[in-house]
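Here's the structure, in structure tokens; my notes come after.
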Amino acid sequence: HVWLRAVLALLQGRISPPLSEPFIDRALARFPNEPRFLLARAIVMDQQWRGFGSMTFNGLRTATEIPIKEGTALMEAYEAVATASPELAAEARIRGAWFLYRVGRADEALKALDGAIPPPHDRGMEYLRHLFKSHILTSQQKLNDAAAEARAAHVVVPEAQSARVALMNALALKGDTSAAEMV
């Protein structure tokens, strides 16, 4: 069990579904209801969507809307994990929200992120929650709110560059280039 969790964690970072899928199949064959393995399955399903429906708006990468039925299986996979495991619920919902955004459902993604509150010890998920909200709000031209979310992400993980870049981006798009340069 521990070995399979470690292998899947490593493979997940490679973003190579064909490499990950056989290990997930083996893990789920031995431990069919293990939430971490179910989450690994959902993540691999999500990774297969990378780049699908993306476009650029004002220099920002956003998403084009695709039919809801196309993402139903993935959202059901994330929700199954969230329902099965309180420990992984926030992560599954945050990842699901990011998927919703990538397929053009930004308002739904924001609502999902508002409801996905990670446990206090999970700084990584809290960081991603704020960072993703910042990106979504920037794409909607809600730049004050986007900057606030980027600042919140920066407070959670001060050493992370992505939050600083998101903040600089929101400030620059707002026209506050002097503040963006000081970030």
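The values are calculated or read from the model by the stated rules, or taken from the named source; none is laboratory data. None of these values were measured; they are calculated from a predicted model. No Cβ is skipped: glycine too gets one built from the backbone with ideal geometry, and neighbour counts run over all protein chains shown. Just the protein is used for accessible areas: all its heavy atoms, side chains included, with ligands, DNA and RNA removed. Shrake-Rupley method; radii C 1.70, N 1.55, O 1.52, S 1.80 Å.
Towards the positive end of the charge dipole of the chain, with charges on Cβ (+1 Lys, Arg; -1 Asp, Glu), say which of Val183, Gly115, Trp3 has the farthest Cα.
Trp3
So, by mean Cβ neighbours within 10 angstrom, what's the order for 123-133, 2-12 with the highest one leading?
The most tightly packed comes first, giving 123-133, 2-12.
Given charges of +1 on the Cβ of Lys and Arg and -1 on the Cβ of Asp and Glu, with all other atoms neutral, how large is the dipole of the chain about its Cα centre, in debye to the nearest 20?
Numbers: 21 positive and 20 negative charges, 56 e Å.
Approximately 260 debye in magnitude.
Looking at the square roots a ≥ b ≥ c of the eigenvalues of the Cα gyration tensor of the range 67-119, which shape do they give, rounded for a/c under 1.5, prolate if a/b is larger than b/c, or oblate? Mind showing how you got there, number by number?
Values: a/c = 2.91, a/b = 1.37, b/c = 2.12.
Since a/c reaches 1.5 but b/c is at least a/b, the shape of the range 67-119 is classed as oblate.
Counting only protein heavy atoms and using a 1.4 Å probe, what share of the accessible area of the chain belongs to carbon plus sulfur, as a whole percent? Intermediate results must be reported in sequence, preceding the final value.
Details: 5430 of 9750 Å².
For the chain, the apolar C and S fraction of the accessible surface comes to 56 percent.
For the chain, what is the accessible area per residue in Å² when the probe is 1.4 Å?
Value for the chain: 53 Å² per residue.
Just need the relative contact order of the chain here, percent rounded to a whole number, with Cα pairs under 8 Å and 6+ apart.
For the chain, the relative contact order is 13 percent.
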